[in-house]
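Written out below as structure tokens is the structure these notes cover.
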Amino acid sequence: MSKAASTRITPRPATASPVAPSVASPVSPALSPADARTLVGSLAPLLHDWLPRQRWFAGKGRPVTGFVPVTVTELLPVDAAGPGLLHLLVRVEQRGTSGPARSIPSSPSATHSGVSSPAGDCYQLLLGVRKVLPPRLASALIGHTTQGPLAGRTVYEALHDPHLAELLLERLRSPGALGPLRFDRASAVPAGLSGRLLDAEQSNSSLVYGDAYILKILRRVFPGPHPDLELPLALAAEGCERVPAPVGWFEAADPSGSGDSLTLGVLQPYLRGSQDGWQLALSSLAHGREFITEAHALGRATAEVHTALAAALPTVTLGRRQTAQLADGMAERLESAARAVPSLMPYAAGLRTAFDALAGLDEAGRGRPAQRVHGDLHLGQTLRTPDGRWSVIDFEGEPARPLAERRRPQPPVRDVAGMLRSFDYAARSHEPWRPDWAARCREAYCEGYATAGTDPRAEPELLRAYETDKAIYEVLYEARHRPDWLPVPMAAIRRLAAGA
């Protein structure tokens with residue numbers, strides 16, 4: 001066996017391609033459960049330090065107690081000739097972890113000595129492996145291994161490496177299975193596009209290829225259809241052009257044997273020259289310009305997306321019992337938030353009236369429609385092209401909520417409330433505060449929405465309840481992560497508690 005082959009984690013035929021190994025190779029690119037345990041165990045000291053510092057790691061503030069491999073796949077063999085690329089799905093155990101309703105297990109043979117472990121979040125990691133890390137990749141360093149199959153190697157975040165980023169695109173250009181992973185595409189993708197990692201992501205990571213495509217890598221992985229792939233595919237089938245249609249994607253099989261897939265990444269057209277709504281709004285405020293025309297057009301775009309979603313996917317009618325349950329859930333979140341953030345306490349009684357009014361809406365037995373929605377709509381989830389056309393992106397929903405909840409039909413006004421809150425945030429970020437600017441944007445947005453849908457102001461109780469629920473969520477988030485921003489949602493809390 002050659003020296004290069006002897007350093008690989010998994011022996012492979014010497015003819016294996018360095019860019020796109022054959023999916024029909026007689027040697028599986030997936031490590032066995034025993035080898036996966038050995039590898040992840042040897043990487044654990046590095047991951048303990050590196051993982052909690054990543055912006056997309058959701059378990060901040062709770063000590064990491066262990067790593068359990070779900071799958072480990074060699075996308076590019078580790079050898080002495082060049083970089084290797086390892087794809088890992090790893091369940092991260094943490095002290096105080098309360099597992100999601102459907103956490104991803106490791107395979108039965110991959111558990112530690114047959115002892116079950118507390119449920120934890122599953123993360124997707126793409127690790128580059130080199131003998132020596134070149135200076136241009138110094139910022140991607142994870143650490144140097146001293147034990148296990150990668151002893152003496154340097155491990156780093158692979159998405160920073162243009163060569164390995166190109167490999168991911170090459171996989172999507174050539175659909176098929178690679179161990180537990182499956183790559184699919186809806187249309188042809190050109191070769192030779194260089195990739196660069198965006199630094200603006202929070203809960204995921206994104207690569208832009210040649211200013212033509214953007215690949216979103218989902219970091220926290222759940223079993224079941226993922227909205228960030230499911231909804232854009234449905235909208236594309238419906239002919240809705242407000243959302244970039246998926247070009248390719250990759251998934252993994254749920255190791256529990258449920259038959260579900262784990263969505264791992266989605267490739268979509270990159271809207272070159274576009275600006276996100278948040279930056280456009282801040283620019284308007286900074287230059288003393290109105291944003292009414294833009295807000296009106298954005299409202300219409302939102303309504304068009306909702307109309308297409310209602311046509312593409314099943315809808316339901318919320319009756320009296322379901323509406324009451326909705327209101328009860330909002331009230332429970334208020335109580336929980338007030339215990340965590342004492343500054344909410346003086347307003348709790350006034351805020352609760354919004355949920356009481358929602359619960360009483362259907363006493364006459366009249367239901368209201370619910371459908372699939374965006375779930376986390378705000379100015380930063382929108383793009384305007386140079387010709388002034390608005391698009392809606394990032395259908396993941398609120399990452400902190402369980403996937404099943406994010407996929408549940410909701411009244412469309414939930415998205416409207418999120419956007420109304422976003423106008424308030426923009427106005428509050430400007431000195432001096434411009435509540436009049438926000439008020440005009442809110443009205444223009446609702447008017448624009450009404451041109452292509454039902455006027456969201458027609459049921460003020462419903463709109464107030466959803467806006468109140470969103471503001472409470474914002475208070476809890478800001479108190480935990482950005483205390484300096486807490487006055488922004490608290491201003492809305494005072495207004496909403498007064499019944500405005």
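Results, tabulated for the structure shown:
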read-out	value
Glu443 vs. criteria open to solvent by 60 Å² or more (accessible area, probe 1.4 Å), outside any helix (DSSP H, G or I) and farther than 17 Å from Arg333 by Cβ	no
Test: Val72 is closer than 22 Å to His163 by Cβ, surrounded by 17 or more Cβ atoms within 10 Å (Cβ to Cβ) and modelled with pLDDT of 75 or more	yes
Residue within region 399-418 that is more than 28 Å from the chain's Cα centre (by Cα), free of Cβ contacts under 8 Å to residues at least 12 places away in the same chain and open to solvent by 30 Å² or more (accessible area, probe 1.4 Å) present	no
Among the candidates Leu313, Leu351, Leu344, residue that is under 23 Å from the mean Cα position of the chain (by Cα), open to solvent by less than 60 Å² (accessible area, probe 1.4 Å) and modelled with pLDDT of 95 or more	Leu313
Residue among Arg242, Arg196, Arg219, Arg185 that is basic (Lys, Arg), in contact with a strand residue (DSSP E or B) (Cβ under 6 Å, 6 or more places away or on another chain) and within 28 Å of Tyr449 (Cβ to Cβ)	Arg242
For His430: the one exception among (1) assigned to a loop (DSSP other than H, G, I, E, B); (2) buried (at least 18 other Cβ atoms within 10 Å of the Cβ)	(2)
The one condition in (1) closer than 21 Å to Asp161 by Cα; (2) at pLDDT below 95; (3) surrounded by 15 or more Cβ atoms within 10 Å (Cβ to Cβ) that Gly59 fails to fulfil	(1)
Unmet criterion (only one of (1) out of contact with any strand residue (DSSP E or B) (no Cβ under 9 Å at 6 or more places or on another chain); (2) open to solvent by 40 Å² or more (accessible area, probe 1.4 Å)) for Phe291	(2)
Qualifying residue in region 360-376 (condition: more than 23 Å from Glu396 (Cα to Cα) and of a type in the set (Asp, Glu))	yes
Per-region count, region 447-469, residues among the basic types (Lys, Arg) and surrounded by 23 or more Cβ atoms within 10 Å (Cβ to Cβ)	0
Filter pass, Ile217 being modelled with pLDDT of 95 or more and under 23 Å from Gly397 (Cβ atoms)	yes
Count - residues of region 316-332 that are modelled with pLDDT of 95 or more and in contact with a helix residue (DSSP H, G or I) (Cβ under 6 Å, 6 or more places away or on another chain)	3
Residue count, region 38-53 (criterion: closer than 15 Å to Cys122 by Cα and touching a residue at least 60 places away in the same chain (Cβ under 8 Å))	2
Long-range neighbours under 8 Å by Cβ, at least six apart or interchain, first residue of a type outside the set (Val, Ile, Thr) within region 235-246, second surrounded by fewer than 17 Cβ atoms within 10 Å (Cβ to Cβ)	Leu235/Ala245; Ala236/Ala186; Ala236/Ala245; Glu238/Ala311; Pro244/Pro269; Ala245/Ala186; Ala245/Pro269; Pro246/Ala186
Leading residue by the ranking (nearest to the chain's Cα centre (by Cα)) among those in region 197-222 that are exposed (fewer than 14 other Cβ atoms within 10 Å of the Cβ), farther than 15 Å from Leu267 by Cβ and not polar (S, T, N, Q)	Ala200
Breaking point among (1) in contact with a Leu (Cβ under 9 Å, 6 or more places away or on another chain); (2) open to solvent by 60 Å² or more (accessible area, probe 1.4 Å); (3) under 25 Å from Val305 (Cα atoms); (4) not polar (S, T, N, Q), for Ala237	(1)
Residues (at pLDDT below 90, among the hydrophobic types (A, V, I, L, M, F, W, C) and over 30 Å from Phe57 (Cα atoms)) located in region 355-401	Leu361, Ala364
Condition check for Ala491: touching a residue at least 24 places away in the same chain (Cβ under 8 Å), over 27 Å from the mean Cα position of the chain (by Cα), at negative phi and open to solvent by less than 30 Å² (accessible area, probe 1.4 Å)	yes
Residue match in region 273-281 (condition: at pLDDT below 95, more than 15 Å from the chain's Cα centre (by Cα) and open to solvent by 40 Å² or more (accessible area, probe 1.4 Å))	yes
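Matching residues to (1) among the polar types (S, T, N, Q); (2) buried (at least 17 other Cβ atoms within 10 Å of the Cβ):
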position: Val129; (1), (2): no, yes
position: Ala140; (1), (2): no, yes
position: Gln147; (1), (2): yes, no
position: Glu170; (1), (2): no, yes
position: Ala177; (1), (2): no, no
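Residues are listed down the side, and each one gets a yes or a no for (1) basic (Lys, Arg); (2) closer than 22 Å to Ser391 by Cβ:
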site	(1), (2)
Lys216	yes, yes
Val221	no, no
Gly224	no, no
Leu235	no, yes
Gly239	no, yes
Pro246	no, yes
Gly257	no, no
Gly265	no, yes
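The values are calculated or read from the model by the stated rules, or taken from the named source; none is laboratory data. Quantities reported herein were computed from a predicted structural model and do not represent experimental measurements. Methodologically, a virtual Cβ is constructed for each residue, glycine included, from the backbone with ideal geometry; neighbour enumeration extends over all protein chains shown. We work out accessible area using only protein heavy atoms, side chains counted, and drop any ligands, DNA or RNA first. Shrake-Rupley method; radii C 1.70, N 1.55, O 1.52, S 1.80 Å.
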